[in-house]
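Visitor: The structure is given below, and queries will be raised subsequently.
The values are calculated or read from the model by the stated rules, or taken from the named source; none is laboratory data. The structure displayed is predicted, hence computed values, not measured ones. With ideal geometry, Cβ positions are generated from the backbone for all residues, glycine too; neighbour counts draw on all protein chains shown.
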Amino acid sequence: MKQICINTANTDMLAQDPKKAAKENILMQITNASQMVKLENDPHAAFALIIDGKTLTYILEDDMKHQFLNLAVDCASVICCRVSPKQKALVTRLVKQGTGKTTLAIGDGANDVGMIQEADIGVGISGVEGMQAVMASDFSIAQFRFLERLLVVHGHWCYKRIAQMVSNTSRICYFFYKNIAFGLTLFYFEAFAGFSGQSVYDDWYMLLFNVLLTSLPVISLGVFEQDVSSEICLQFPALYQQGQKNLFFDWYRIFGWMGNGLYSSLVIFFLTIIIFYDQAFRVGGQTADMAAVGTAMFTSIIWAVNCQIALTMSHFTWIQHLFIWGSIAMWYVFLLLYGMLSPKYSGNAFRILIEALAPSPIFWSATLLVTLACNLPYLAHISFQRCLHPMDHHVIQEIKYYKKDVEDRHMWTRERSKARQRTKIGFTARVDAKIRHLRGKLTKKHSTPTSPS
Amino acid sequence: MSPGAAEGGFETSSAATKKHSKKPKYSRFTQQELPACKPILTPGWVITAFIFIGIIFIPIGLASLFASENVVEIADRYDEDCVPSIYASDTLAYIQSSQTNKSCTKTLTVPKKMKNPIYVYYQLDNFYQNHRRYVKSRSDKQLRSKANEFETKDCSPEATVLVSNKEMPIVPCGLIAWSMFNDTYRFSLNDKAIQVNKKGIAWKSDREYKFGSDVYPKKFQSGVIGGAKLDENIPLSQQEDLIVWMRTAALPKFRKLYGKIEVDLEANEKITVVIQNNYNTYSFRGKKTLILSTTSWIGGKNDFLGIAYLTFGGLCLFMVISFIFLYVVRPRPLGDPSYLSWNRNPDGLLLN
């Protein structure tokens, strides 16, 4: 790795403006270095920039900041030594504002606090130098080496979980989806109720919808979901790029989920209404009133929305099973208990499950039909996607599922190293560069006729 | 100040002194290593899932359709036919006058054999029982018990009447009760009357818990008459027509149970029905229909459930075929590392 040192030369003290002279000197060094970097032909070359604190005081002034930043960004590694805490913070701010990228700062001492707070993500190391860095940081770890795990495992999982909540069962998208599916049915009903504002559901159903009946699976998804295990995250750092490239949080997905919510709301509402239309819904000849239709529709929503989240999860512990199927069971239990309260409190929902709905086969078959009708398009979509455009974590999941990593260890090792390959820094990169260099020499030796030894 | 700093001299003093470790206690939960199943959608699973759904749906659809086809239903709209021709242009005057003859006779032909019990419904159209203002206009407290007679809060304008300068509550109050349906039907076959059983048409929970047996109608329909009058000697828990009516319907087109006929009706029999056309649907262009229907295990006649199941079942099987086609035409070997993004486009993976 080529090193570029920028330092404050001991300029002629007799010059009129020593500060100005020093600055010009530094600017010249920066310009030369930039030239050198630009003229470099070797695509695998890496540069390291080394600066000391004294030089930084000149560089961080407004007129030189941007040249410095441009040079620094072209280098693979920048080492600033003997810098004051304030300068650490200023350098971080310069990078953050100048490049517009997300920055992470890690430190363990009180002198790192400024830098940690300035960066987008601050990581503090708790230990020998005390707890100041930890108290100022967003994340704290016990040893520096845990940073790899923090980023590549937890960072990757967090990104997937949040993106998943939003979109597809991904948290945020899921919130859009389930509330669109639920809220639009209320709206459609208004068209049939003279737009008078009458709700087709009992008030308690609506209260519990977001609080109890559909929130637990989302929480379990947000806390426990893992698309690939932690070993794989560490072995395939390239998966981390899914987050950097923001593959999961794009408008296409968000609109897709909203569309799914719209479709689900239409299916839920119209199928339920037409199934319970005006004829008797039981062998006893009774017709369905608003309470019965509303309860049946709501049951379908609970099933559809919870099955949807189950379809998007890829990691099922007992907790997820408990939360998803438990939420659905909780709905029936609630309906039963609510119906058992005196009509003073339960009103039209008094005994609605045991007396009216449960003995009616239409109730159960309507729920089954609506649930599967809501989830079929999504199932078809993910099946097609997995078949035609599998993403990296899909392929890796398959390799693990079919135990191909055990059968073919060479392939596994090779893919792991390829996933790390395109980095310009670090021990691995230097080793790779050396290997490439030697390999290049070896092929040259073989292509030319054998020279006399 | 570092609590773990070892005082070198004392460390080795006793074997029992263990070096203080800050490592948190390991637990599978906190380390996110709980045993998990990680199902993935392989082609096998996809095809199995769709076949399974198709196999379940199609028989259910066929059974539902079959049951619905076995239900025999007679529907007869009578609100237009039952207005005498002289009043054809002024139906409102006809229906609102107490002098006009509201009796109307119609003949129904039984299309297929109908086995008892045969349910008699009246169907109303364009009647918004689900309108918010209407739904609110009742007092469940008053209906439950005589002690709550004066609880007429939401019932206005049908809440109270002035009787010798005192506000007396109307029982049952509110617009729902006030607008109760009051057409009656008398059936006869070959001049022999067919009995219509009007008991047991309301939900048991309504009869026993929501409509009190000590509540009697009072001052009902004492102002503008909106519908049926109630017998003041019968408690509400036995006024099943009222109970059925007060279960507000979900849609503007709805049916309510009128009664049950407990004899069989043979095919091609001609039933004569004498209708008392009392109820005013003419002012809002509503429709009234008389329905006779048998039931099956799925209830009344509605082919939609069966058709919907068959449609989705068919769609699933179509999906199966298209997936099989896809996997045959464009097979993707599973777990093939050449599909990883860094193998597909080697230049695409720069960390910038």
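Visitor: Got a number for residues in the stretch B:289-306 being in a loop (DSSP other than H, G, I, E, B), at the interface with chain A (Cβ under 7 Å from one of its Cβ atoms) and not hydroxyl-bearing (Ser, Thr, Tyr)?
Guide: 5
Visitor: Would you confirm, using the coordinates I've provided, whether A:Val200 is among the β-branched types (Val, Ile, Thr) and either at pLDDT below 85 or buried (at least 18 other Cβ atoms within 10 Å of the Cβ) (or both)?
Guide: Details: among the β-branched types (Val, Ile, Thr): yes; either at pLDDT below 85 or buried (at least 18 other Cβ atoms within 10 Å of the Cβ) (or both): yes.
Taking the combined requirement at face value, the residue satisfies it.
Visitor: A further question follows. Are there strands (runs of 3 or more DSSP E) fully within the stretch B:113-189 with at least 3 residues that are more than 13 Å from chain A (Cβ to nearest Cβ)? List them.
Guide: Those strands (runs of 3 or more DSSP E) span B:160-163, B:166-169, B:184-189.
Visitor: Looking only at the stretch A:381-408, how many residues end up being over 24 Å from the mean Cα position of the chain (by Cα) and within 7 Å of chain B (Cβ to nearest Cβ)?
Guide: 2
Visitor: Another one. Return the only residue of B:Val263, B:Val224 being closer than 28 Å to B:Met114 by Cβ and either surrounded by fewer than 21 Cβ atoms within 10 Å (Cβ to Cβ) or not assigned by the TED database to the domain that holds B:Ile201 (or both).
Guide: So the residue among B:Val263, B:Val224 that is closer than 28 Å to B:Met114 by Cβ and either surrounded by fewer than 21 Cβ atoms within 10 Å (Cβ to Cβ) or not assigned by the TED database to the domain that holds B:Ile201 (or both) is B:Val263.
Visitor: Okay, next question. State all residues of the stretch B:235-262 that are of a type in the set (A, V, I, L, M, F, W, C), farther than 15 Å from A:Ala291 by Cα and more than 9 Å from every other protein chain (Cβ to nearest Cβ); if no residue qualifies, say none.
Guide: Applying the first criterion (of a type in the set (A, V, I, L, M, F, W, C)) to the stretch B:235-262 yields B:236, B:242-246, B:249-251, B:254, B:257, B:261.
Going one step further and asking which of them are farther than 15 Å from A:Ala291 by Cα, we end up with B:236, B:242, B:257, B:261.
Within the stretch B:235-262, B:Leu236, B:Leu242, B:Ile261 qualify.
Visitor: Within the bounds of the stretch A:264-274, is there any residue that is assigned by the TED database to the domain that holds A:Pro217, small (Gly, Ala, Ser) and buried (at least 22 other Cβ atoms within 10 Å of the Cβ)?
Guide: Scanning the stretch A:264-274, I find at least one residue that is assigned by the TED database to the domain that holds A:Pro217, small (Gly, Ala, Ser) and buried (at least 22 other Cβ atoms within 10 Å of the Cβ), so the answer is yes.
So that you can scan it fast, the table gives a plain yes or no per residue for (1) surrounded by fewer than 17 Cβ atoms within 10 Å (Cβ to Cβ); (2) of a type in the set (S, T, N, Q):
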| site | (1), (2) |
| --- | --- |
| B:Met180 | no, no |
| B:Thr184 | no, yes |
| B:Phe187 | no, no |
| B:Ile194 | no, no |
| B:Asn197 | yes, yes |
| B:Ile201 | no, no |
| B:Lys204 | yes, no |
| B:Arg207 | no, no |
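Visitor: For the stretch B:138-187, name all the residues that are among the small types (Gly, Ala, Ser), in contact with a helix residue (DSSP H, G or I) (Cβ under 7 Å, 6 or more places away or on another chain) and in contact (Cβ under 8 Å) with a residue 40 or more places away in the chain.
Guide: Hit for the stretch B:138-187 is B:Ala177, nothing else.
Visitor: Tell me whether the stretch A:241-259 contains one or more residues that are away from chain B (no Cβ under 14 Å), touching a residue at least 12 places away in the same chain (Cβ under 8 Å), within 30 Å of A:Asn348 (Cβ to Cβ) and surrounded by fewer than 18 Cβ atoms within 10 Å (Cβ to Cβ).
Guide: No, the stretch A:241-259 contains no residue that is away from chain B (no Cβ under 14 Å), touching a residue at least 12 places away in the same chain (Cβ under 8 Å), within 30 Å of A:Asn348 (Cβ to Cβ) and surrounded by fewer than 18 Cβ atoms within 10 Å (Cβ to Cβ).
Visitor: So in the stretch A:374-403, with the set limited to residues that are surrounded by fewer than 17 Cβ atoms within 10 Å (Cβ to Cβ) and at pLDDT below 85, which one is farthest from B:Tyr327 (Cα to Cα)?
Guide: Looking at the filtered set, the residue picked out is A:Lys403.
Visitor: Now for a different question. May I ask you to verify whether B:Phe284 is free of Cβ contacts under 8 Å to residues at least 12 places away in the same chain and under 36 Å from the mean Cα position of the chain (by Cα)?
Guide: No.
Visitor: Could you name every one of the helices (runs of 4 or more DSSP H) located completely within the stretch A:26-140 that has at least 2 residues being in contact (Cβ under 8 Å) with a residue 40 or more places away in the chain and in contact with a helix residue (DSSP H, G or I) (Cβ under 8 Å, 6 or more places away or on another chain)? Quick ask: steps written out before the conclusion?
Guide: Working: elements: A:53-59, A:62-74, A:85-99, A:113-118, A:132-136.
The qualifying helices (runs of 4 or more DSSP H) are A:53-59, A:62-74.
Visitor: Moving to a separate point now. Restricting to the stretch B:98-136, name every residue that is closer than 30 Å to B:Pro157 by Cβ and touching an Asp or Glu at 6+ places or on another chain (Cβ under 6 Å).
Guide: If the condition is that a residue be closer than 30 Å to B:Pro157 by Cβ and touching an Asp or Glu at 6+ places or on another chain (Cβ under 6 Å), then B:Lys136 is the only one that fits.
Visitor: Continuing with this model, one more query. Of (1) farther than 30 Å from A:Val223 by Cβ; (2) of a type in the set (Ser, Thr, Tyr); (3) in contact with a Lys or Arg (Cβ under 9 Å, 6 or more places away or on another chain), A:Ser84 satisfies all except one. Which?
Guide: With (1) farther than 30 Å from A:Val223 by Cβ; (2) of a type in the set (Ser, Thr, Tyr); (3) in contact with a Lys or Arg (Cβ under 9 Å, 6 or more places away or on another chain) applied to A:Ser84, the lone miss is (3).
Visitor: Another one. Pick from the stretch A:214-240 the residues that are small (Gly, Ala, Ser) and farther than 16 Å from A:Val395 by Cβ: which of them is nearest to the chain's Cα centre (by Cα)?
Guide: For the stretch A:214-240, the residue satisfying everything is A:Gly222.
Visitor: What is the residue count in the stretch A:221-236 for residues that are part of a helix (DSSP H, G or I) and either crowded, with 20+ Cβ neighbours inside 10 Å or not assigned by the TED database to the domain that holds A:Met330 (or both)?
Guide: Summing the residues that are part of a helix (DSSP H, G or I) and either crowded, with 20+ Cβ neighbours inside 10 Å or not assigned by the TED database to the domain that holds A:Met330 (or both) in the stretch A:221-236 gives 5.
Visitor: Where residues in the stretch B:316-343 are part of a helix (DSSP H, G or I) and in contact (Cβ under 8 Å) with a residue 60 or more places away in the chain, which of them is nearest to A:Tyr402 (Cα to Cα)?
Guide: Here the answer is B:Tyr327.
Visitor: Do we have any residue at all in the stretch B:123-133 that's hydrophobic (A, V, I, L, M, F, W, C), free of Cβ contacts under 8 Å to residues at least 12 places away in the same chain and within 28 Å of B:Leu236 (Cβ to Cβ)?
Guide: Checking the stretch B:123-133: not a single residue is hydrophobic (A, V, I, L, M, F, W, C), free of Cβ contacts under 8 Å to residues at least 12 places away in the same chain and within 28 Å of B:Leu236 (Cβ to Cβ).
Visitor: So for the stretch B:120-130 (the condition being surrounded by fewer than 16 Cβ atoms within 10 Å (Cβ to Cβ) and modelled with pLDDT under 90), does at least one residue qualify?
Guide: Taking the stretch B:120-130 and keeping what is surrounded by fewer than 16 Cβ atoms within 10 Å (Cβ to Cβ), we get B:126.
This time we only want the ones that are modelled with pLDDT under 90, so: none.
Scanning the stretch B:120-130 turns up no residue that is surrounded by fewer than 16 Cβ atoms within 10 Å (Cβ to Cβ) and modelled with pLDDT under 90.
Visitor: Please go through the stretch A:174-197 and pick out each residue that is more than 9 Å from every other protein chain (Cβ to nearest Cβ), of a type in the set (Gly, Ala, Ser) and crowded, with 19+ Cβ neighbours inside 10 Å.
Guide: Once the filter is applied, which keeps residues that are more than 9 Å from every other protein chain (Cβ to nearest Cβ), of a type in the set (Gly, Ala, Ser) and crowded, with 19+ Cβ neighbours inside 10 Å, the stretch A:174-197 yields only A:Ala181.
Visitor: Look through B:Thr289, B:Thr294 and report the one residue that is touching a residue at least 40 places away in the same chain (Cβ under 8 Å), of a type in the set (Val, Ile, Thr) and more than 30 Å from A:Ala373 (Cβ to Cβ).
Guide: Matching residue, one of B:Thr289, B:Thr294: B:Thr289.
Visitor: Here is a follow-up. Determine whether B:Pro172 is within 31 Å of the chain's Cα centre (by Cα), assigned by the TED database to the domain that holds B:Trp245 and surrounded by fewer than 15 Cβ atoms within 10 Å (Cβ to Cβ). Full working, then the answer.
Guide: Details: within 31 Å of the chain's Cα centre (by Cα): yes; assigned by the TED database to the domain that holds B:Trp245: yes; surrounded by fewer than 15 Cβ atoms within 10 Å (Cβ to Cβ): no.
Spelling it out, it is not the case that B:Pro172 is within 31 Å of the chain's Cα centre (by Cα), assigned by the TED database to the domain that holds B:Trp245 and surrounded by fewer than 15 Cβ atoms within 10 Å (Cβ to Cβ).
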